[in-house]
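The values are calculated or read from the model by the stated rules, or taken from the named source; none is laboratory data. This is a predicted model, so every value here is computed, not measured. Reconstructed Cβ throughout: ideal geometry from the backbone, glycine too, with neighbour counts over all protein chains shown. Areas reflect the complete protein model, heavy atoms only, side chains present, ligands, DNA and RNA absent. Shrake-Rupley method; radii C 1.70, N 1.55, O 1.52, S 1.80 Å.
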Amino acid sequence: MGRITKHCCSALATLVAAVGFSTPALAHPHVFIDGGVDFRFGPDRQLEALEITWIYDPFETLYMLAENEMMLNADGGLDEADRQELQRRLAEFPPDFDGSAHLGAGGAMQVLAWPENTRVDVVDGRLHMRFTRRLETPISAVGDAVDVAFYESTYFFDFSLTEAPKLIGAAEGCTAKVALFDPNSQDRALLDVLAKLSREETSDIENVGSYFADRISVTCD
């Protein structure tokens, strides 16, 4: 499956940040990450895990490498020793990590295990990070939709679905539908509140990132 069109506003905000300008309209969020969510099925079309991909913007990639005292090699990637060390460090998720992929089914949010199998690489100047979130209790996607919202709760990070979802394993008769965030669907007052935040502030609106989420719905016949 192909790539999904990226939000134009994320690209613009990244450019503004990279050249050092400040504008209230783009004060929030602070980090822009493309990526996607794949769905791993076991027997009887039981959803067992999510495979999550983050692709950092070029500016944030360079910042993270510098913070870890690393640099790109002549081929624009990482030497293997640096790649493995960065992978080891990024596999240590912070205690307040909220996942970015929020899974709902049957009218309830589903519990996901702590990230595992973290893999990182740098491709075309962008840090790619992939990890697995297993469901503590596998669920069926037959009949009722399984939904994933791709966001970070404080909206410090802006996550955009740019990778089409893959259905892995025993997913016969299952389909995935993507709904990208539509800025015209949001209340103008909410957008104005975020626009007034400085780079040091975060919104006090609970779970504000969910208002700006791209979403995937999976159903099985």
For this session: May I ask you to verify whether R40 is free of Cβ contacts under 8 Å to residues at least 24 places away in the same chain and open to solvent by 60 Å² or more (accessible area, probe 1.4 Å)?
Result: no
For this session: Could you check, for region 10-33, whether at least one of its residues is modelled with pLDDT of 95 or more and closer than 25 Å to V123 by Cα?
Result: yes
For this session: Collect the residues in region 68-111 that are outside any loop (DSSP other than H, G, I, E, B), over 30 Å from E206 (Cβ atoms) and open to solvent by 40 Å² or more (accessible area, probe 1.4 Å), keeping them in residue-number order.
Result: E80, A81, D82, R83, Q84, E85, Q87, R88, R89
For this session: Could you please give the count of residues in region 49-92 that are aromatic (F, W, Y), over 13 Å from F157 (Cβ atoms) and out of contact with any helix residue (DSSP H, G or I) (no Cβ under 6 Å at 6 or more places or on another chain)?
Result: 1
Exercise. How about region 119-221: which strands (runs of 3 or more DSSP E) wholly inside it have at least 2 residues that are at pLDDT below 95, within 21 Å of E51 (Cα to Cα) and open to solvent by 50 Å² or more (accessible area, probe 1.4 Å)?
Worked result: 126-140
Exercise. Applying the selection to region 103-117, what residues are under 16 Å from A141 (Cβ atoms) and touching a residue at least 24 places away in the same chain (Cβ under 8 Å)?
Worked result: L103, G104, A105, G106, Q110, L112
